[in-house]
């Protein structure tokens, strides 16, 4: 990988060959500083915003292609596409404030096909900013989590341990908000209703969320309920839960913290995680 794409205190295992080309996104590092400064300023000014992270799975879901996580029965939805209000997902996906997209060519082409515009920032910034804990350190007193119930519960239990809090660089998450781990897209209206109840009782001013494909119909709606910044971190939630695949972009140095209570892992959807990398078991 060309040094142009290096983010401090991270490591990207097995990046695509695209990253050997400095001209793929030649102002990558300058744009990263702009991204960080923008979030800090908008947070200070109390401006509610949404950041939508686009990947290949989102493309397949928005195109109704039964591939990977977008395949009915796999994770995002149990019903076939014709039985959900798919047009609402497409419509709301286009109503966010900022868009992030991984910069390799095949992905950026898919983004433009869906959104008919350029993206605002590389999605690599989100992965890097979780992996090096910049986001956690910068907003340590104001962060909430939104994710699958089983994974959010796991994060909560990990946060009862000082060693883990020291690793993340924060004392607490202010809010732990949940959605169903599977098939949240089957009933978008109900998913919105359940999350709305939780958001109305929340106090965080910046939320990190990893909710799968339901984000397309959900994310732009959240700031109408509660004035906050909503940042889509995708598999970053898996990292916080200690179950991230270290071959995910920029997570090569991440330490997966574990609880010795195996029962809590019984119903976890591990995505592509196979246990590779450094695992630290907490007493």
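Readers should treat all values here as calculations from the given coordinates under stated rules, not as data from a laboratory. This is a predicted model, so every value here is computed, not measured. FYI the Cβ positions are ideal-geometry reconstructions off the backbone, even for glycines, and counts take in every protein chain you see.
Run through every distinct alpha carbon pair of region 93-183 and return the Kirkwood hydrodynamic radius in angstroms, one decimal place.
Details: mean 1/r = 0.0653 Å⁻¹.
That comes to 15.3 Å for region 93-183.
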query = Looking at region 108-246, what % of the alpha carbon pairs are farther apart than 25 Å?
reply = 26 percent
Antiparallel %, DSSP beta bridges [both residues in the chain], to 5 = 0 percent
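Kindly put 30, 153 in sequence by how many other C-beta atoms sit within 10 Å of each C-beta, fewest to most. Numbers along the way, then the final one.
On the way: 30 9, 153 17.
Fewest-to-most Cβ neighbours within 10 Å comes out as 30, 153.
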key: D (Stokes-Einstein, µm²/s), Kirkwood Cα radius, region 187-283, 1.567 mPa s at 4 °C   = 85 µm²/s
task = Provide Rg and Dmax in Å for the chain, with only Cα atoms included in the calculation.
result = 17.8, 50
Three principal axis lengths of region 1-109 [C-alpha, angstrom, descending] = 46, 39, 23
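Contour minus end-to-end for residue 272 and residue 47, with contour as 0.36 nm per residue of separation and end-to-end as the Cα-Cα distance? Let's see the in-between values first.
On the way: separation 225, 0.36 × 225 = 81.00 nm, distance 3.52 nm.
That works out to 77.5 nm of additional length.
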Two-site label geometry, residue 172 and residue 83: point separation in nm, points 7 Å out along Cα→Cβ = 4.3 nm
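If contacts are Cα pairs under 8 angstrom and at least 6 residues apart, what is the relative contact order of the chain in percent? Walk me through the numbers before you get to the answer.
Values: 502 pairs, mean separation 67.7, N = 283.
Relative CO of the chain lands at 24 percent.
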ask   = Using a Förster distance of 22 Å, how high is the FRET efficiency between residue 95 and residue 189, based on the Cβ-Cβ distance and rounded to 0.05?
value = 0.85
ask   = What is the gain in length, in nm to one decimal, between residue 263 and residue 247 on full extension, counting 0.36 nm per residue of separation less the C-alpha to C-alpha distance?
value = 3.2 nm
message = Under 10 Å, Cα contacts only: if you run a Gaussian network model on the chain, which one of 251, 121, 104 comes out with the highest mean-square fluctuation?
response = 104
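Quick check on the chain: helices-only [θ] at 222 nm, where DSSP H runs of length 4 and up contribute -39,500 (n - 2.57) each and the sum goes over total residues. Nearest 500, please. Numbers along the way, then the final one.
Working: 11 runs with 99 residues, N = 283.
Dividing the helical sum by the residues of the chain leaves -10000 deg cm²/dmol.
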Residue 118-residue 225 pseudo-label distance in nm [points 7 Å out on the Cα-to-Cβ vector] = 3.4 nm
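To make sure I understand, if each residue's beta carbon is the centre and we count other beta carbons within 10 Å, what order do 53, 255 fall in, fewest to most?
Working: 53 28, 255 15.
Fewest to most other Cβ atoms nearby, the residues stand as 255, 53.
Between residue 30 and residue 197, how high is the FRET efficiency from 1/(1 + (r/R0)^6) when r is the Cβ-Cβ distance and R₀ = 41 Å? Nearest 0.05.
Values: r = 41 Å, r/R0 = 1.01.
My answer for the efficiency is 0.50.
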note = Among 72, 122, 80, the residue with the largest mean-square fluctuation in a Gaussian network model of the chain built from Cα contacts under 10 Å is 80
